[in-house]
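**Q** Got a structure for you, questions after.
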Amino acid sequence: MKKILVTGATGFVGQYVVEALLSGGQMVIASSMDGEKARKASWYGRAGVSYIPLDFSRLDPAIDYFRALGAPDVMIHLAWEGLPHYKEAFHVEVNYPRHAALLENMVRNGLQSLTVIGTCLEYGMQEGALGEDLAARPGNPYALAKDKLRRRLEELQTGQPFSLKWVRLFYMWGKGQSPKSLISQLDKALEEGAEVFNMSGGEQERDYLPVEEVAAYIVRIALQQEVEGIINCCSGQPVRVKDFVEDYLRRHHKKINLNLGYYPYPDYEPMRFWGKNTKLKTILKDE
């Protein structure tokens with residue numbers, strides 16, 4: 001049994017990761033900035049999990065955070081503030097240095113295994129099937145900050161050996177997702193009995209997974225030691241957004257008229273991209 005630290009444990013993905021770890025019999029140290037929100041989490045107070053609050057705005061370089069956060073065997077770093085505001089400069093100016101400082105502190109004080117959540121947006125405007133060997137071309141502050149953090153951690157490895165897995169998430173859905181997300185907005189329209197759902201043209205192709213599956217993959221990636229570096233966490237299967245929405249409605253036996261083209265396509269994403277999941281498949285096959 002390992003002791004796993006999960007930062008961002010009250011976030012959308014983080015709550016599912018904690019549940020997946022507990023289901024697997026692991027000891028969990030859950031951490032987040034908001035203790036009140038943590039107390040409302042499904043995992044709070046359960047056997048096998050302890051909670052330690054951590055405010056990134058008050059990091060003290062004199063503190064040994066590795067020991068302050070329970071001396072974990074593995075750290076899964078999901079915390080990141082300010083999403084989904086991808087274009088805001090604070091990702092680079094504030095988030096990047098804070099997160100880099102914490103992770104360097106953890107490693108220099110004894111952390112041996114680190115899994116960090118990245119983003120498919122690090123690939124920038126490249127289209128098609130995106131493999132981990134593609135050069136990163138971040139095109140917005142959020143993606144740029146994540147890319148800078150990955151590069152800094154890779155540099156740290158040259159003088160401070162530790163296992164680093166950089167997990168690039170693609171698209172996901174599930175209970176607890178941001179109210180601004182596509183499926184959350186669709187569910188709200190259905191609950192309100194709306195006759196029409198406004199959306200983009202829906203022709204863009206994306207790579208979707210349910211959040212429960214994403215969380216399970218993150219745990220399996222973090223706990224294995226054979227595959228390291230950049231790892232795409234994705235289905236490997238492109239689907240048009242319009243088809244994804246229509247399939248979601250069919251599976252839930254719901255109907256609503258789709259007002260396609262109401263919103264413009266996002267300017268920070270290419271029209272058609274999905275992930276290659278060769279490394280993920282290797283991990284799943286080897287278990």
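**Q** Tell me the net charge near Asn277. Cut-off is 11 Å between Cβ atoms, Asn277 excluded, with +1 for each Lys or Arg and -1 for each Asp or Glu.
**A** On the way: positive: Arg168, Lys276, Lys279, Lys281; negative: Glu132, Asp207.
Spelling it out: positives minus negatives among the neighbours equals +2.
**Q** Below 22 Å Cα-Cα, how many Lys pairs turn up in region 109-224? Only count pairs eight or more apart in sequence, or on different chains, if you could. Provide the component values of the computation, followed by the final result.
**A** On the way: Lys146/Lys165; Lys146/Lys180; Lys148/Lys165; Lys175/Lys188; Lys180/Lys188.
Qualifying lysine pairs in region 109-224: 5.
**Q** Throw me the Rg/Rh for region 32-169, computed over C-alpha atoms with Kirkwood Rh, two decimals.
**A** Details: Rg = 15.9 Å, Rh = 16.2 Å.
Using Cα coordinates only, the ratio equals 0.98.
**Q** Using a 7 Å offset from the Cα along the Cα-to-Cβ direction at both Arg137 and Arg240, what is the distance between the two label points in nm, to one decimal?
**A** 2.5 nm
**Q** Could you tell me the calculated FRET efficiency between His253 and Arg46, based on Cβ-Cβ distance and R0 = 25 angstrom, to the nearest 0.05? Please list the in-between numbers first.
**A** On the way: r = 34 Å, r/R0 = 1.36.
E(calc), rounded to 0.05, equals 0.15.
**Q** Checking the cross-link filter: which aspartates and glutamates have an alpha carbon closer than 12 Å to that of Lys254, excluding same-chain neighbours under 8 positions apart?
**A** Output for Lys254: Asp187, Glu191, Glu195, Glu246.
**Q** So how much slack lies between Ile63 and Met271, counting 0.36 nm per residue of separation and subtracting their Cα-Cα distance, in nm?
**A** Full-extension gain reported as 70.4 nm.
**Q** Hey, another quick one. When DSSP beta bridges are limited to those with both residues in the chain, what percentage is antiparallel, rounded to the nearest 5? Please report the intermediate quantities before stating the final value.
**A** Details: 2 of 41 bridges.
For the chain, the DSSP antiparallel bridge percentage is about 5.
**Q** A further question follows. Kirkwood hydrodynamic radius, region 95-150, all distinct C-alpha pairs: what's the number in Å?
**A** On the way: mean 1/r = 0.0801 Å⁻¹.
Final number for the Kirkwood radius of region 95-150 is 12.5 Å.
**Q** In degrees between 0 and 90, to the nearest 10, how far off the longest principal axis of the chain does helix 211-223 point, with axes built from Cα atoms?
**A** Relative to the chain, helix 211-223 is tipped by roughly 30 degrees.
**Q** Here is a further query. For Glu93 paired with Val196, estimate the spin-label separation in nm (one decimal), with each label point 7 Å from Cα along the Cα-to-Cβ line.
**A** 4.0 nm
**Q** Let me ask something else about it. In vacuo Debye scattering of region 134-285, one point per C-alpha: log10 I(q)/I(0) at q = 0.15, 0.17, 0.19, 0.21 Å⁻¹?
**A** Those come out to -0.91, -1.10, -1.27, -1.43, one per q.
Taken together, the values in this text are just the output of simple stated rules run on the coordinates, not laboratory data. This structure is a prediction, so every number in the text was calculated from the model and none was measured. Cβ atoms come from the backbone with ideal geometry, glycine included; neighbour counts cover every protein chain shown.
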